[in-house]
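*Asks:* Below: one structure in structure tokens.
A short reminder: the numbers here are calculations on the coordinates, not readings from a lab. Bear in mind the structure is a predicted one, so any value in this text is a computation, not a measurement. Note that we place each Cβ from the backbone using ideal geometry, even for glycine, and neighbour counts take in every protein chain shown.
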Amino acid sequence: LRGDYEGYKYEEKNGPATDISILIVLMFRYAKGYIKKALRDSAIKTADEFSFLMTLMTYDSLSKSELIQKQVMEKTSGTEIINRLLKFGLVEQFDDLEDKRSVRIKITPSGRVELLKILPHMQTVSQIVTGNLSDAEKSMLAYTLRKLEIFHNDIFLNKKDSDLKDLIQ
């Protein structure tokens, strides 16, 4: 972007990389506010809880570690979310029959019901978040964000302990 775009002033000195980082943070905050409204009357209280349950809907079960890793979270934060979901009966845990050290998690029938109840609201959130973009712009943005997600997921899984300067390609 260069110049003034619909009230947005691009600052040349910041460069597009800084601009993208700032805009992603702002979009996250907007989306978080919409999601909070969508979950207002639900037993599911946070975007993270929703995300954990959506992931569990696509698997028979996952180990706690697998579920947390799929959410790109630190273990302590992910464990807190799982504990809340357990407390409200939205998921259940059981021993892993193949790995005695591991505990598996699956969504409960009441978790499925709650999730299905709010899905229409979350689809509305998706429409709001994509705002005034055309279908072509939505496709291009989805492609670009997926490309970035693949890049960052590799860092999360394989280079988490690297220094920032070592992550620049």
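*Asks:* When only alpha-carbon atoms are used, what values of Rg and Dmax, in angstrom, describe region 103-169?
*Replies:* For region 103-169, the Cα-based Rg and Dmax read 17.9, 47 Å.
*Asks:* Related question: Taking just the alpha-carbon atoms of the chain, what radius of gyration and Dmax come out, in angstrom?
*Replies:* Rg, Dmax (Cα atoms, Å): 19.0, 60.
*Asks:* Which of 128, 44, 59 sits farthest toward the positive end of the charge dipole of the chain, with +1 on the Cβ of Lys and Arg and -1 on the Cβ of Asp and Glu?
*Replies:* Selected residue: 44.
*Asks:* Can you give me the relative contact order of the chain as a percent, contacts being Cα pairs under 8 Å and 6 or more apart? Can you show the working numbers first?
*Replies:* Details: 125 pairs, mean separation 32.3, N = 169.
RCO, the chain: 19 percent.
*Asks:* Separate question: In the structure shown, do any of 75/106; 37/117; 45/106; 70/147; 87/159 have a Cα-Cα gap over 22 Å, and if so which? Walk me through the intermediate numbers first.
*Replies:* Values: 75/106 18 Å; 37/117 14 Å; 45/106 18 Å; 70/147 17 Å; 87/159 34 Å.
Violating the 22 Å Cα-Cα cut-off are 87/159.
*Asks:* At 0.36 nm per residue, and after removing the present C-alpha to C-alpha distance, how many nm does the segment from residue 143 to residue 76 gain when stretched out fully?
*Replies:* Details: separation 67, 0.36 × 67 = 24.12 nm, distance 3.11 nm.
Residue separation times 0.36 nm, minus the Cα-Cα distance, leaves 21.0 nm.
*Asks:* Moving on. For residue 160, which aspartates and glutamates qualify as cross-link partners when the Cα separation must be under 14 Å and same-chain residues fewer than eight apart are set aside?
*Replies:* The reachable aspartates and glutamates, counting only those whose Cα sits under 14 Å from residue 160, are 74.
*Asks:* Take residue 164 and residue 55, extend 7 Å from each Cα along the Cα→Cβ direction, and tell me the distance between the two endpoints in nm.
*Replies:* Placing both labels 7 Å along Cα→Cβ, they lie 2.6 nm apart.
*Asks:* Residue 130: net charge of surrounding residues, Cβ under 12 Å, Lys/Arg +1, Asp/Glu -1, itself excluded? Mind dumping the intermediate values first?
*Replies:* Details: positive: 138; negative: 135, 137.
With Lys, Arg at +1 and Asp, Glu at -1, the net is -1.
*Asks:* I've got another one for you. Which residues in region 28-46 place their backbone N less than 20 Å from a point set 7 Å from the Cα of residue 123 along the Cα-to-Cβ direction?
*Replies:* Within reach of a label on residue 123, which here means backbone N under 20 Å from a point 7 Å along Cα→Cβ, region 28-46 contributes 34-44.
*Asks:* Summing -39500 (n - 2.57) over the DSSP H runs of n ≥ 4 in the chain and dividing by its residue number, what mean residue ellipticity at 222 nm do you reach, to the nearest 500 deg cm²/dmol?
*Replies:* Numbers: 7 runs with 104 residues, N = 169.
Theoretical 222 nm ellipticity from helices: -20000 deg cm²/dmol.
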